[in-house]
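In what follows, a single structure is set out as structure tokens and then discussed.
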Amino acid sequence: YFRGGSYTSSFNCRGFYSPMENMPKGPAYASDAVTEKMLERDQADKYRIIVDTDTAIMDEATIDGIDRFVRGGGVFVTYGETGRHSPEKRDSWPLARLTGFNLANEKTDGGTVTLDAGPQIFPPSLTFPGAMDGRRFTAVAPGVQKLLKWDDGSTAVGLRALDKGYVVTVGPWFSNEN
């Protein structure tokens, strides 16, 4: 999901940190683009998963469209600065009403990521070598699940079920080195 004219941030989703650049190539990983208008008009239902790679500015109509997509059975994955600003207010993180997570702090550098002790969707052998950069989150809604945690205990990757679907919040900036 790419928003035309999105807020310019230090997180370059279309370059250095893009998770899509690290996806294996082939028919099993076909990709497409979804616009905010498609979400607002409920035209994204043919997709099972939408990975947003840094739509920093989100208005209420877009968030409402994402909400309907998820509640209808879709999976929406946030990454980087997804939903950081509303058109009216900088650093307001309006998407938190769907993710169930708020920004824990502004720190983005040098932490380690490990599995959380709670129920998991990842294999127990999953590890990440070395220090990673990225966003740290804290749960603010009931029913959210911490999947991966930072060394300070904050959420690195979180999951929230909403009716038939899920919102996945991804804080670490994954790259080929990790």
Among the residues of the range 145-178, the number that are in contact (Cβ under 8 Å) with a residue 24 or more places away in the chain and open to solvent by 30 Å² or more (accessible area, probe 1.4 Å) is 13
For the range 31-53, pairs from a residue that is at pLDDT 90 or above to a residue that is open to solvent by 80 Å² or more (accessible area, probe 1.4 Å) and not in a loop (DSSP other than H, G, I, E, B), with Cβ under 7 Å and 6 or more apart or across chains, are 42/68
Restricted to the range 55-80 and to residues being open to solvent by 10 Å² or more (accessible area, probe 1.4 Å) and without any contact (Cβ under 8 Å) to a residue 60 or more places away in the chain, the residue farthest from residue 108 (Cα to Cα) is 68
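For (1) under 27 Å from residue 92 (Cβ atoms); (2) within 15 Å of the chain's Cα centre (by Cα), each residue gets a yes or a no:
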residue: 105; (1), (2): yes, no
residue: 110; (1), (2): yes, no
residue: 126; (1), (2): no, no
residue: 137; (1), (2): yes, yes
residue: 144; (1), (2): yes, yes
residue: 148; (1), (2): yes, yes
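The values are calculated or read from the model by the stated rules, or taken from the named source; none is laboratory data. All of these numbers come straight from a predicted model, not from anything done at the bench. Cβ atoms come from the backbone with ideal geometry, glycine included; neighbour counts cover every protein chain shown. These accessible areas exclude ligands, DNA and RNA; they are computed on the full protein's heavy atoms, side chains included. Shrake-Rupley method; radii C 1.70, N 1.55, O 1.52, S 1.80 Å.
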